[in-house]
Amino acid sequence: MNDLQHGKTGSTSIFATRVYLIAAIYGFLVLVPQYFLEASLVPPTTHPEQFYGFVGLALVWQFVFVMISRDVGNRWGQTPLIH
């Protein structure tokens, strides 16, 4: 198989790399401040472990987006995203 079939070259690969990287950066910018906003929520959250669990899991997915953007041919990370 050539490099084009693996997704390592071509304009589609460059587009996908940029989309995943922009999504990761945007996700970090939106999610990280939420760790510091829990005290100011109205009404106060009754289960902070769920709040922090959601934000933490979302941040993990941002790291997955960064890993995918570094190697678009990395299919293991893209499979859960299409379901």
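The table that follows gives values for the structure above.
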item: Among 23-31, 63-71, 50-58, 38-46, the order from most to least packed when residues are scored by Cβ within 10 Å on average; result: 63-71, 23-31, 50-58, 38-46
item: Estimated FRET transfer efficiency when R0 is 25 angstrom, pair residue 57-residue 22 (beta carbons, to 0.05); result: 0.75
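No value in this document is a laboratory result; all are computed from the given coordinates. Only a predicted model underlies this, so the values are computations on that prediction, with no experimental measurement involved. Positions of Cβ are generated from backbone atoms using ideal geometry, with glycine treated the same way; all protein chains shown enter the neighbour counts.
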